[in-house]
1. Only four residue types carry charge here, +1 at the Cβ of Lys and Arg and -1 at the Cβ of Asp and Glu. Report the dipole size of the chain about the Cα centre in Debye, rounded to the nearest 20.
2. Pick from GLY118, GLY245, GLY188: which is most flexible by mean-square fluctuation in a GNM of the chain where alpha carbon atoms under 10 Å apart are linked?
3. Applying a 10 Å radius around every beta-carbon, put 88-98, 73-83 in order of their mean neighbour count, most first.
4. Of the peptides 274-280, 161-167, how do they stack up when ordered by the mean number of other Cβ atoms within 10 Å, highest first?
5. Would you list SER44, SER247 from fewest to most Cβ contacts within 10 Å?
6. Report relative contact order for the chain in percent, whole number only (criteria: Cα-Cα under 8 Å, sequence separation at least 6).
7. Ranked from highest to lowest mean number of other Cβ atoms within 10 Å per residue, what is the order of the peptides 123-133, 213-223, 33-43?
8. Could you compute the net charge surrounding ILE103? Neighbours are other residues with a C-beta less than 13 Å from the C-beta of ILE103; K and R count +1, D and E count -1.
Amino acid sequence: MTTPRLSSAAVSSFVVASRYVPVYLALLLLIGVAAIWAPETLSSVSLRAIAPYGALLGVAALGQMLVVMTGGIDLSTPGTVTLAAAIMVGVGQGSDERIGIAILTAVGVAALIGLVNGLLIGGINLNPLIVTLAMGQVVIGVVNRYGRTFPVQSPVPEGWSSWTFTRIMGISPVFWLGLAITLLLILGFRYTSVGRRFQVVGANPVASHVVGIRVNLNRILVYVVAAVLYALTGVALAGLLKTPGVSVASQYLLGPIAAVVIGGASLTGGLASSMSTFAAAIFLTGLNQMLLTLGLPTAIQNVVFGLVIIGGMLVSGDRIIKAVERVLRERRRPSRLKAETTEA
């Protein structure tokens, strides 16, 4: 009696895990290609430069992943990241004593942006694509206006920039911060009732509502949490760049979505892996660095980057799940026919 259950559980685990395999294969392929054609990409200096920016893309992608797990999408990411970076300049005023208040202000304003998104999407059921796109434009407008209140190319507080350039085991603390957030999400999904409930809501909101889970509240809060992660990205990015401009986060529109897709998340909601999403962000950042090392023109870089994202869509987690299930069904069919023939 127990053997079929164990077998079924093992098969289910294999099917779910298979959706996250491509990103790790892509990382291995990237390392192999870089080792042959652009070995400088794998040098210690290059890897130390890639790590913090890959982690920042990873943190933004984790915010996008949470939204995608509810069946939504968030296009306000670049605006929120840019605003957080601008607040580090404007509120920080170049003073180390104001670092704390600048970070808290950036996170608080971002949470408010996320709350507005959440109320419009989860509260009154407006389309998330349209709402977040519109909100992103509003925030960019606010950033442009806010940027005129302090001198152009004003720096963030020196203490904050120095912190981002320190080294922990040879790598910027920004990378370790991104990894810590990833691990916290993994633990939260696996070992807390809130995390498990959130995954259930994303996978089947109708059934969740029937059993008494507040689906709309979950959808509202997820946009708030995502916006906070975008703010942390902007705050750390400002420290790395020292003098962030108003277009500092333009790459954070497509990048996080691409990382979520390549990381194997289900675009219909529910299933996603924090570590795979983070790994996909590292892959995309490493790919970008390799293309720069090869000295390819910007136009070619954009083409390659776009083709990789399309490739990620073609081997997305949902497609892999369907392919694996199809193979398993085909393998079970002969044994089932054989059993029926024997019984007859």
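Any read-out appearing in this document is the output of simple, stated calculations on the displayed coordinates, not a laboratory observation. Fair warning: this is a prediction, and the values are worked out from it, not measured in the lab. No Cβ is skipped: glycine too gets one built from the backbone with ideal geometry, and neighbour counts run over all protein chains shown.
1. Numbers: 22 positive and 10 negative charges, 186 e Å.
That gives a dipole near 900 debye.
2. GLY188
3. Details: 88-98: 18.2, 73-83: 28.1.
Result, highest mean first: 73-83, 88-98.
4. Working: 274-280: 25.6, 161-167: 13.9.
In decreasing order of mean packing, 274-280, 161-167 become 274-280, 161-167.
5. On the way: SER44 8, SER247 12.
Going from sparsest to densest Cβ surroundings: SER44, SER247.
6. Numbers: 533 pairs, mean separation 115.4, N = 344.
This gives 34 percent for the chain.
7. Working: 123-133: 15.9, 213-223: 20.0, 33-43: 14.0.
Packing order, densest peptide first, comes out as 213-223, 123-133, 33-43.
8. Numbers: positive: ARG98; negative: ASP96, GLU97.
For residues surrounding ILE103, the net value is -1.
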